[in-house]
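Working notes, structure below.
The values are calculated or read from the model by the stated rules, or taken from the named source; none is laboratory data. Everything numeric in this text was worked out from a predicted model, so none of it was measured. No Cβ is skipped: glycine too gets one built from the backbone with ideal geometry, and neighbour counts run over all protein chains shown.
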Amino acid sequence: MALRLVIVGGGPAGVQAATTAARLGAEVTLVERDVVGGAAHLWDCVPSKAVIATGERLQDVAAAEALGLLVQPASVDLDALRRRVRELSERIERQNLQLLESQGVRILRGTGRLLDEHTVEVDHGGGTERLSADAIVVSTGSRPRVPEWAAPDGVRVLTTRDAYPPPELPEHLVVVGSGVTGVEFVHMFSSFGSRVTLIVSRQQVLPSKDPEVAAVLEEDFLRRGVQLLKGARATGVDQSPDGVVVRCDDGRSVTGSHCLLAIGSMPNVEGLGLESAGVELDDGWVRTLDHHMRTNVQHIYLAGDVSGKLPLSSVATMQGRKIAEHVMGLHQVDHRHLDYDKAASAIFTDPEVADVGLAEADAFAEGRKVRVTKVPFASTARALIDGDSRGFVKIVSDPATGVILGGSIVGRQAAELISVLAVAVTNGLRASDVAESIFVHPALAEALSDAAE
Ligand SMILES: Cc1cc2nc3c(=O)[nH]c(=O)nc-3n(C[C@H](O)[C@H](O)[C@H](O)COP(=O)(O)OP(=O)(O)OC[C@H]3O[C@@H](n4cnc5c(N)ncnc54)[C@H](O)[C@@H]3O)c2cc1C
C-alpha cells in the first residue's frame, strides 16, 4: 500500500512537498483553506513584485529621455494594476492546480487540524472529513505581525496585505520597519510618487546586511526624497480623520496620510491541534526540528515559514522537496542537508540588493581571514549602455584555497546575477572557476568575472 501523506497548507512548501512525494509514489492529500499557491502568491512575493514592476516601468519612462526618447509623462491606473495583480494570482493558482492534478494529488478545500498524531480533520464549511496519515507535513505559513500598539484597519493603517495597491495612493506613507519588507514598500510607493518616511530603529536600513550595500540603497532613497528617521522605534499609531500620527520612543513623531507596518511575521499554528498530536510548542513556535524538519513526533514535519527558519518562498520550496524525499526514504541513498547559510536572497528595490553565504562584515566580526574583491558596475560597458552604473559586485573568498564563501551584489539585475554566486557557494567553487568561464559581453555579469579574478 502506498504511503499516505497529508499536507496542511498549500503554499510553496506544501505544493512542492505534494508534487515531489506524489511523483515518488505517495498517496498525497493537500489541504488548503484559501488559495493553492499560498500567501506567497496571494499576498507576498507575486503581488509585491508585480506592483514594484509597474512602479519601475513608471520610473523607466521618466528616465527614458536620457536614452534618446521623446516621452509623454506616464501615470498609474490603480484599477488596471489591481486587476493585473488579481489575474496573476489566479493564473498561478491555475498552474499549481494543473501541476498537482497531473501528479494525482488530491486537493481538499478546507481548514485542517490534527486530532492526533495520525489523523487530520478537515472542516470544509459544509461538514468535516477525517484523513488517516502515515506522515503529516504542516506548512501553514505565517501572517504579518501586528504589535499591540497599532490597530490596522486596511484603510489608513495597513499591513503588507492591504497594499496591492490600496484604494488610493498614499499622499504621505509612514513605513514602520526597515528590514527587507519595509524597504521594498518604500521603493514601491516612492516610485509611484508618494511621499515616504521610513522609521529605522538602528542607524542603517537593512540592519542585517552589508553596510556598503545598505549605503547604496539609502543614497537612492534620499535622492527620491524619502525621509529616514534613524535610531527611532515606533511605539504607537494614532488615527485622525485625515491621517495618522506615528509616535516613537525618543519623543519624535511623524504625521502622514497612511502608515504601513512591516515588522515581521507570526507562525500560523493556532487551532492546528499540534499539541493533540504530541508536538511540543514553545511560545507559539515549534522549536524541536531536526535537519530533516521533523518535530519531536518523528512522522510530523514542518515546512516553510511556520518552521521559523528562513522565511523565503525559495527556502519553503526546498524544504518541501527535502521533506518529501525524506518521507519517501530517498535520503538513505543520496542527500544533502539544507544549508540555510547558503540560501541566496534578494531585495527588490532600485537598485536591487542580493546576497549569499558569508558577508564581509560577518567574517570581520568573527575575526576570520577572507579575501574581498569588489568591482563597480560602472566598469562594465552594459551599465553605461543602460544608463545606470550604480552599485557593485563583492566576492568573499578563502585566501588560502580561493573557494568562494559568499558575495553581495547591489545594482540592476542583482536578483538574477546572485545565482552565479549561489551555485559557487553551494558547490564549493573557487573564484578561478568563475573567472575562467567566458561570460557574455556586454553584460552586467562581467563585473562578476572581474571580481573573481
Ligand atoms: C510582502 C512580502 C513579500 C515577500 N516577497 C518574497 C520574495 O520576493 N521572495 C521570497 O522568496 N519570499 C518572499 N516573501 C516570503 C514568502 O512569502 C514566504 O516565505 C512564503 O510564502 C512561505 O511559504 P509557505 O509555504 O511557508 O506559506 P504560505 O505561502 O504562507 O502558505 C501557507 C498556506 O497555508 C494555508 N493554511 C494555513 N492554515 C491552514 C489550515 N489550518 N488549513 C488549511 N490551510 C491552511 C494558507 O491559506 C496558505 O495558503 C515575502 C513575504 C512578504 C510578507
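Pairs meeting the criteria (first residue in the range 253-267 and free of Cβ contacts under 8 Å to residues at least 12 places away in the same chain, second residue of a type in the set (D, E, K, R), beta carbons under 8 Å, at least 6 apart or on different chains) are S253/R247.
For the range 247-278, the candidate set comprises residues that are of a type in the set (V, I, T) and under 17 Å from G308 (Cα atoms); within that set, the residue that is farthest from the chain's Cα centre (by Cα) is V269. Say whether the condition of being of a type in the set (S, T, N, Q) and not in a strand (DSSP E or B) is met by at least one residue in the range 152-164. The answer is yes; a qualifying residue exists. In the range 26-134, counting only helices (runs of 4 or more DSSP H) that sit wholly within it, the ones holding 1 or more residues that are away from the ligand (no atom under 14 Å from the Cβ) and among the polar types (S, T, N, Q) span 45-63, 78-102. Given the structure, is L222 farther than 24 Å from V85 by Cα, outside the structural domain of V410 (by TED's automatic domain parsing) and in contact (Cβ under 8 Å) with a residue 60 or more places away in the chain? The answer is no for L222. Is it true that S48 is without any contact (Cβ under 8 Å) to a residue 40 or more places away in the chain and either buried (at least 19 other Cβ atoms within 10 Å of the Cβ) or not aromatic (F, W, Y) (or both)? For S48, the condition - without any contact (Cβ under 8 Å) to a residue 40 or more places away in the chain and either buried (at least 19 other Cβ atoms within 10 Å of the Cβ) or not aromatic (F, W, Y) (or both) - is not met.
Against the list (1) more than 18 Å from A303 (Cα to Cα); (2) of a type outside the set (A, V, I, L, M, F, W, C); (3) buried (at least 22 other Cβ atoms within 10 Å of the Cβ), the condition E27 fails is (3).
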